[in-house]
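Undergrad: Before I ask anything, let me first share the structure, which is written out below as structure tokens.
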Amino acid sequence: MKTKGKNTYITLGTIAVVDISTKKHPKASMKIDLDVWLDLLDQGIGRVSVGNTYAQAKLKGKLESVHKLITPHFKLTVDHENGDPLDNRMSNLRDVTQLENSRNKKLSKANKTGHCGIRVVKGVKATRFVAMIRHLDKLLHLGSFKTLEKAIAARKAAEVKYGFHKNHGAK
């Protein structure tokens, strides 16, 4: 384990795995390309830690998310393609519109079915599974189904039709 600045890190080939743990997040670590990490250290980056979701650090007195520090050339929104907000390898970051970014979201912790866009409606006679999807700021009703499997199939077909990322809804 190498120490430079206030974070310790190990190298795995061309990747640095940086310990960014805090009291609230005692086992947090960030992946970043080794050359990018060394460049940040040379620039005088402060201690990197976990904010609410993302790795953040002070650089020149300003607190910034690490993924934004390393992608100043991006013109739109930075998306963590695999859904891991602590994976800041350049191969995992992409420059996308806000719409594209919203089509690559993790499954909400509040979700009860385990699948995006599907909710359970318990009726007097039967339980139904309702599938929906948002497209162009409109909530589209995809159908009401007797089985979860049919609702999932309808939702997956709509995700393909409307260009959602393959990782959308991952846990």
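Bear in mind these aren't lab numbers, they're just calculated from the coordinates by the rules spelled out. Computed from a predicted model, the values in this text were never measured in an experiment. Ideal geometry is used to build each Cβ from the backbone, glycine not excepted, and the neighbour counts take in all protein chains shown.
Undergrad: Using the Cβ atoms and a cut-off under 13 Å, what net charge is assigned to the surroundings of HIS67, where Lys and Arg are +1 and Asp and Glu are -1?
TA: My count for the surroundings of HIS67 gives -3.
Undergrad: Search the structure for amide H atoms under 5 Å from the amide H of ARG134, placed 1.01 Å from N in the peptide plane, and list their residues when 5 or more places away or on another chain.
TA: LEU140
Undergrad: In addition: Order of TYR54, TYR9, TYR162 from fewest to most other C-beta atoms within 10 Å?
TA: So the ranking, lowest neighbour count to highest, is TYR162, TYR54, TYR9.
Undergrad: When the Cα centres of the range 14-77 and the range 90-117 are compared, how far apart do they sit, in Å?
TA: 21
Undergrad: Of the options ALA153, SER65, ALA55, report the single residue whose Cα projects farthest towards the positive end of the charge dipole of the chain (beta-carbon charges: Lys, Arg +1; Asp, Glu -1).
TA: Toward the positive end, the furthest listed residue is ALA153.
Undergrad: In percent, how large is the relative contact order of the range 2-101, given Cα pairs closer than 8 Å and 6 or more residues apart?
TA: Dividing the mean separation by the residue count of the range 2-101 yields 20 percent.
Undergrad: Pairs LYS75/LYS138; LYS112/LYS138; LYS58/LYS105; LYS106/LYS166; LYS112/LYS166: which are spaced more than 19 Å apart, C-alpha to C-alpha?
TA: From LYS75/LYS138; LYS112/LYS138; LYS58/LYS105; LYS106/LYS166; LYS112/LYS166, over 19 Å: LYS75/LYS138; LYS112/LYS138; LYS58/LYS105; LYS112/LYS166.
Undergrad: Continuing with this model, one more query. Using Cα-Cα distances under 8 Å and only pairs 6 or more residues apart, what relative contact order does the chain have, in percent?
TA: 14
Undergrad: Show me, for the range 146-163, the HN-Hα J-couplings you get by feeding each phi into the Karplus relation (A = 6.51, B = -1.76, C = 1.60, θ = phi - 60°), rounded to Hz, glycine and proline as x.
TA: 6, 10, 4, 4, 5, 5, 4, 4, 5, 5, 4, 4, 5, 4, 5, 4, 9, x
Undergrad: Another one. Compute the normalised compactness of the range 1-157: alpha-carbon radius of gyration over 2.2 N^0.38 Å, N being the residue count.
TA: 1.36
Undergrad: Something else: Treating the beta-carbon of each Lys and Arg as +1 and of each Asp and Glu as -1, no other charges, what is the dipole magnitude of the chain about its Cα centre, to the nearest 20 debye?
TA: 1080
Undergrad: If I take R0 = 35 Å and measure r between the Cβ atoms of THR147 and LYS24 in this structure, what FRET efficiency does the formula 1/(1 + (r/R0)^6) give, to the nearest 0.05?
TA: In this case the efficiency is close to 0.30.
Undergrad: Run the numbers for SER108 and LYS75: contour at 0.36 nm per residue of separation, minus the present Cα-Cα distance, in nm.
TA: Value of the extension gain: 9.1 nm.
Undergrad: Return an integer: the convex hull volume of the alpha-carbon atoms of the range 75-171, in Å³ per residue.
TA: In the range 75-171, the Cα convex hull volume per residue is 101 Å³.
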